[in-house]
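Student: Here it is: the structure, laid out below.
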Ligand code: C5P
């Protein structure tokens, strides 16, 4: 086998709480994460000759340098296993919006780890790959698993949870980007007034109570956005709720907002209205 393709699923935060800043500059987090069917496709090809790692996307060729998370993942895998990645081409078909709070880059990095493990027949478990992913980025260990999970610590302490019950999820990325490090800095200066009921949300998942999950979805980062951005996030939420969403929330450091629906027709009508204003609008399902 010298070619294979791995899906890289988008992640949503059903909840996100920032507990505090740590001495290493990172923050302790408590988040319930959910993977959804919107995904990039990561194709790994081993060439006959080895003149260096290459990286391309449907958006153009990228430098395969230390800034690209897919290349960082490949180098971390090579350092851990001794695999020769000088014959490797990585091609990423991007569908997950970039800089959107949905872990597109982290998920590509995770897909590279899973794919290289298969390509080189290394036989590492998903848990071992997740530990390796800690070196690549805070969300990468979760993205290696791609399921429903509680993530704690920097994001690397994972507890697998019961999956979200069958539903439709509309994702919409309004037309601005948020810098994750800047938002972390901003939240250090904000008095967090409301926090998610993470335990209640996990209970609702245990009971497979979709309405109970949806009504507890909450992301503390929404309070750290500038007021104009908060207004846009609220407008997207309002449209989702008007079309019948059981709940709506911002994901990660944003700006993607998502809503959970029981009925596909309601999800599609919400997506049609939002899609008229924001190109990056998708109807997805939990995976
Ligand atoms: O780990 P990753 O490279 O994805 O993190 C990007 C940035 O987000 C970090 O440099 C840091 O500023 C911030 N971050 C944080 N605490 C976390 C995760 C990320 O402060 N738990």
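All of the numbers you see were taken from the coordinates with simple rules; none came from a lab. Just so we're clear, the structure is a prediction, and the values are computed from it rather than from any experiment. Using ideal geometry, Cβ is built from the backbone for each residue, glycine included, and neighbour counts are taken over all protein chains shown.
Student: For segment 230-248, indicate whether the set of residues that are assigned to a strand (DSSP E or B), more than 16 Å from the ligand (Cβ to nearest atom), in contact with a helix residue (DSSP H, G or I) (Cβ under 7 Å, 6 or more places away or on another chain) and touching a residue at least 12 places away in the same chain (Cβ under 8 Å) is non-empty. Show your work before the answer.
Tutor: Looking only at segment 230-248, we keep the residues that are assigned to a strand (DSSP E or B), and these are 247-248.
Narrowing further to those that are more than 16 Å from the ligand (Cβ to nearest atom): 247-248.
Those left that are additionally in contact with a helix residue (DSSP H, G or I) (Cβ under 7 Å, 6 or more places away or on another chain): 247-248.
Restricting the remaining residues to those that are touching a residue at least 12 places away in the same chain (Cβ under 8 Å) gives 247-248.
Yes: one or more hits.
Student: Let me ask another. Across segment 23-44, which residue is nearest to residue 202 (Cα to Cα) among those that are near the ligand (Cβ under 10 Å from one of its atoms) and part of a strand (DSSP E or B)? Break it down stepwise before answering.
Tutor: At the first step, the residues of segment 23-44 found to be near the ligand (Cβ under 10 Å from one of its atoms) are 24-29, 31.
Still in the running and part of a strand (DSSP E or B): 27-29, 31.
Numbers: 27: 22, 28: 19, 29: 16, 31: 10 Å.
For segment 23-44, the residue satisfying everything is 31.
Student: Taking the condition of being in contact (Cβ under 8 Å) with a residue 24 or more places away in the chain, within 12 Å of the ligand (Cβ to nearest atom) and outside any helix (DSSP H, G or I), how many residues in segment 103-162 meet it?
Tutor: 12
Student: Here's something else I'd like to know. Condition check: more than 16 Å from the ligand (Cβ to nearest atom), in a helix (DSSP H, G or I) and within 22 Å of the chain's Cα centre (by Cα). Does residue 171 satisfy that?
Tutor: no
Student: Which of the following residues is away from the ligand (no atom under 16 Å from the Cβ), under 16 Å from residue 31 (Cβ atoms) and either touching a residue at least 60 places away in the same chain (Cβ under 8 Å) or touching a helix residue (DSSP H, G or I) at 6+ places or on another chain (Cβ under 8 Å) (or both): 216, 193?
Tutor: 216
Student: Same structure, new question: One residue is enough: does segment 190-204 have a residue meeting the conditions assigned to a loop (DSSP other than H, G, I, E, B) and buried (at least 20 other Cβ atoms within 10 Å of the Cβ)? Step through it out loud before you land on a result.
Tutor: Residues of segment 190-204 that are assigned to a loop (DSSP other than H, G, I, E, B), as a first pass: 190-197.
Still in the running and buried (at least 20 other Cβ atoms within 10 Å of the Cβ): 196.
Yes, there is a match, as at least one residue in segment 190-204 is assigned to a loop (DSSP other than H, G, I, E, B) and buried (at least 20 other Cβ atoms within 10 Å of the Cβ).
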